[in-house]
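The values are calculated or read from the model by the stated rules, or taken from the named source; none is laboratory data. Bear in mind the structure is a predicted one, so any value in this text is a computation, not a measurement. Heads up, the Cβs are rebuilt from the backbone with ideal geometry, glycines too, and the neighbour counts pull from every protein chain shown. Accessible surface areas use protein heavy atoms only, side chains included; no ligands, DNA or RNA. Shrake-Rupley method; radii C 1.70, N 1.55, O 1.52, S 1.80 Å.
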Amino acid sequence: MLVEINGVSKTYQSPDSEIHALRDIAFGVAEGEFVSIVGPSGCGKSTLLSIIAGLDAPSGGEIRVDGEALRGVSRKIGYMPQKDQLFPWRSIWDNVTLGLELQRQRDGAHLQRVKELLERYGLGQFAQRAPGQLSGGMRQRCALIRTLATDPRILLLDEPFSALDYQTRLSVSDDIHNIIRREGKTALLVTHDISESVSMSDRVVVLSARPGRVKAIHDLSELRGLTPMQRRDHALFHTYFNAIWKELELSA
Ligand code: ADP
């Protein structure tokens, strides 16, 4: 397994109470796999993702990446937050190369790669535009390209479509899914949207209400190879949707 989540727990301490956010979470993500984590609001999904991103430490258990215990932020991992977080005063080009700048990798080969990514995904002619001149879907693609620029093996996506309207969300999730597959990345997506998880992933991990524990893991390999749009039309889509819906219903 490329990513191993071994018995991860998280407790937040405040002066007068403790919040048990996660309890004994264990599952793995194989190289090239797309795994979604769904669960009711407040069950610790974002907490788990920020622990895997190395931005927060677990209270118990550990994360292993490529066989090594994770200690802090790793170059193998790229993190895409909820909002696209493009700086409005920087051009698209200056936004998508920001990660390279921060990691001191702003060299010819990396810049060429970013240029190719922008071209490949239809953003080449917008490189000098400001983010405000682009649609929500295009901005989301830029945010993904910024994350891909440093060539991480693992992408962590925290509700990346939540700020988009429904129609845009459908086409953007198709786009983002295709980019991630084509670039051969391993992805871990956090969402509260069951249809998003079933339309995009190889496996869905269902968490219970707080403290989040693994309630079920669904293997969607029968839908592998289909785009999110094609999956939404597949009979099995509803089977998985209903099964996950019931699990969430019972744990809410
Ligand atoms: P989700 O992403 O599933 O909505 P979160 O991971 O954001 O859930 O939060 C899980 C629980 O932990 C919530 O009850 C939240 O209030 C609490 N929590 C999250 N971050 C902190 C923090 N920094 N300090 C204290 N409590 C926190």
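Cβ neighbours within 10 Å, averaged per peptide: list 133-142, 103-112, 42-51, 63-72 in order, most packed at the top.
Descending mean neighbour count gives 42-51, 133-142, 63-72, 103-112.
Ranked by accessible surface with a 1.4 Å probe, highest first, in what order do 183, 249, 101, 196 come?
Descending order: 249, 101, 183, 196.
Between rounded, prolate and oblate, where does the range 150-244 land on the alpha carbon gyration tensor, with a ≥ b ≥ c its root eigenvalues, rounded for a/c under 1.5, else prolate if a/b exceeds b/c?
rounded
Can you pull out the chymotrypsin sites (Phe, Trp or Tyr not before Pro) in the range 1-110 that DSSP calls coil and that have at most 15 other Cβ atoms within 10 Å?
89
Under the classification rounded if a/c is under 1.5, otherwise prolate if a/b is larger than b/c and oblate if not, where does the range 1-128 fall, given a ≥ b ≥ c as square roots of the Cα gyration tensor eigenvalues?
It is prolate, given that a/c is not under 1.5 and a/b is the larger ratio.
With point charges of +1 on the Cβ of Lys and Arg and -1 on the Cβ of Asp and Glu, referenced to the Cα centre of the chain, which listed residue (48, 160, 206) lies farthest in the positive direction of the dipole?
So the residue furthest toward the plus end is 160.
What is the extension gain from residue 234 to residue 12, computed as 0.36 nm multiplied by their sequence separation minus the C-alpha to C-alpha distance, in nm to one decimal?
75.8 nm
Measuring from label point to label point, each 7 Å out along Cα→Cβ, what is the residue 106 to residue 219 span in nm?
Calculated label separation equals 4.7 nm.
Amide H of residue 212: which non-local residues (sequence gap of 5 or more, or other chain) have their own amide H closer than 5 Å, using H built in the peptide plane?
So residue 212 has HN proximity to 22, 23.
Rg(Cα) of the range 52-111 divided by 2.2 N^0.38 Å?
1.41
Can you give the FRET efficiency for residue 181 and residue 250, using 1/(1 + (r/R0)^6), R0 = 30 Å, r = Cβ-Cβ distance, to the nearest 0.05?
According to the calculation, E is roughly 0.40.
Kirkwood-based Rg over Rh for the range 65-203 (C-alpha set), two decimals?
Here Rg/Rh amounts to 0.95.
I'd like the carbon and sulfur percentage of the solvent accessible area for the chain, probe radius 1.4 Å, heavy atoms only, ligands and nucleic acids excluded.
About 49 percent, which is the carbon plus sulfur part of the accessible surface.
Among 57, 238, 194, whose Cα projects farthest towards the positive end of the dipole of the chain, with charges put on the beta-carbon of Lys, Arg (+1) and Asp, Glu (-1)?
Sorting the options by dipole projection puts first 57.
How big is the dipole moment of the range 5-159 about its Cα centre under a simple scheme where the beta carbon of each Lys and Arg is +1, that of each Asp and Glu is -1, and everything else is neutral? Debye, nearest 20, please.
520 debye
Which of 10/115; 45/185; 76/246 have a Cα-Cα distance over 28 Å?
Long pairs (Cα-Cα over 28 Å): 10/115; 76/246.
Can you give me the Rg/Rh ratio for the chain, using Cα atoms for both radii and the Kirkwood formula for Rh?
0.97
So between residue 1 and residue 167, what do we pick up on full extension, going 0.36 nm a residue minus the alpha carbon distance?
In short, 56.3 nm is gained.
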